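Here the structure comes first, spelled out in structure tokens, and everything after it is commentary.
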Amino acid sequence: MNLHEYQGKELLSSYGVRIQRGIVAQNADEAVTAAKKLTEDTGTGWHVIKAQVHAGGRGKGGGVKLAKNLDEVKTIAGQIIGMDLVTPQTSAEGKRVHQVLVAEDVYYPGDNEPEEYYMSVLLNRGTGRNMIMYSTEGGMDIETVAEETPHLIFTEEIDPSTGILPFQARKIAFNLGLSGVAFKEMTKFVTSLYTAYVKSDSSLFEINPVLKTSDDKIMAVDAKVTLDANALYRHKDLAELRDLREESPIEVEAGALGLNYVDLDGNVGCMVNGAGLAMATMDLIKQAGGEPANFLDVGGTADAKRVEEAFRIILKDDGVKAILINIFGGIVRCDRVAQGVVDAYKNMGDAIKVPIIVRLQGTNADIAKELIDNSGLDVMSATEFQEAADKVQAVLA
């Protein structure tokens, strides 16, 4: 589950991580009130107005701007709130901005020049250990840094039995070229950041940039936080931070129905039981010349009601030109699934206007094929993978 920047920063701050302070606003007037409050609390004269959407690259799309007075705060906030922000990480339609973060200006003059670094905490799936990835090249796309200057990216793996050790935090500060007060600040920052990551059961922290201010403070200027959804039962307070407006409406609806669904951009809808079979089915569709329109795992209870719900979810996508149902009857009987397909088809009437291919293998597969073939409905049955692929290819031709 993704958090907004302001939510991620609040989480970090609760574990002692220094952050760029800010106040979220829902409209231009609230933004002005927030700016005044920040000036009183921090002394900041300028303010940064940041669109709050679940996407990176907001500055490139015009979603992050500097305001030098209260009039500019109101004007910029009014321009950003309500806009459809297009970034390298959104679709061409962009994401609607519902709120902004009014943040303090932390690039103030001082004895030293501010410096930006990159830092993230994530799981190294190859070793099964958490890893801190960091670079002196903050403020840039880390993918570009990795491609053009890979020697400037460092990693530090953490032993889960000990957690981050003091020498590792010092090593990170040293590799970033820090000394004196900034060195001590960075070791504290890194230790607190890792603690926040573990304690919140997160799957990703990405801070870009981590800033060394002109007076050697180390702080998070941005915060991309992704929580492990499987651990949210331990964090009821964090679960409440979910913003459904930032998620696909179809995926939200499917989740409420207990269906494992991911929206894709193809033309063949998938209805499968089991994640592994679902992935294989998507490969099958690709080989047949189509493109999967979704990942949909109906689980082990593919009865008429569940099949009908899955049909309705798939058909919300206007790009679907055919539906492939691929069920392996291990726990669930194939004839029960077939009857569910027939019943759901009849219940939905004219709502189904695309060809349907049903492949059933496993327990009572022969009875299931008979049920489908004798239903009188516009449903094609198959028993083998290749047969299903050929029928998908035929209906798309």
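The values are calculated or read from the model by the stated rules, or taken from the named source; none is laboratory data. Note that this is a predicted model, so its numbers are computed, not measured. In this analysis, Cβ positions are derived from the backbone assuming ideal geometry, glycine residues included, and neighbour counts consider all displayed protein chains.
General remarks:
- For region 252-300, residues that are over 25 Å from residue 336 (Cβ atoms) and either outside the structural domain of residue 316 (by TED's automatic domain parsing) or in contact with a Cys (Cβ under 6 Å, 6 or more places away or on another chain) (or both) total 1.
- Extreme residue, surrounded by the most Cβ atoms within 10 Å (Cβ to Cβ), among residues of region 177-219 that are over 27 Å from residue 235 (Cα atoms) and of a type in the set (A, V, I, L, M, F, W, C): 218
- Scan of region 1-32 for residues that are in a loop (DSSP other than H, G, I, E, B), at pLDDT 95 or above and under 17 Å from residue 201 (Cα atoms), ordered by number: 3, 4, 15, 16, 17
- Residue among 392, 358, 298 that is farther than 21 Å from residue 265 by Cα, buried (at least 21 other Cβ atoms within 10 Å of the Cβ) and of a type in the set (A, V, I, L, M): 358
- Segments classed as strands (runs of 3 or more DSSP E), wholly inside region 281-382, with at least 1 members that are within 33 Å of the chain's Cα centre (by Cα): 294-297, 322-329, 356-362
- Taking the criterion of being of a type in the set (Lys, Arg) and either surrounded by 18 or more Cβ atoms within 10 Å (Cβ to Cβ) or closer than 22 Å to residue 191 by Cβ (or both), the residues of region 1-52 that qualify are 9, 18, 21, 50.
Per-residue answers, yes or no, for (1) surrounded by fewer than 18 Cβ atoms within 10 Å (Cβ to Cβ); (2) at pLDDT below 80; (3) touching a Leu at 6+ places or on another chain (Cβ under 8 Å):
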{"position": "310", "(1), (2), (3)": "no, no, yes"}
{"position": "328", "(1), (2), (3)": "no, no, yes"}
{"position": "331", "(1), (2), (3)": "yes, yes, no"}
{"position": "337", "(1), (2), (3)": "no, no, yes"}
{"position": "340", "(1), (2), (3)": "no, no, no"}
{"position": "346", "(1), (2), (3)": "yes, no, yes"}
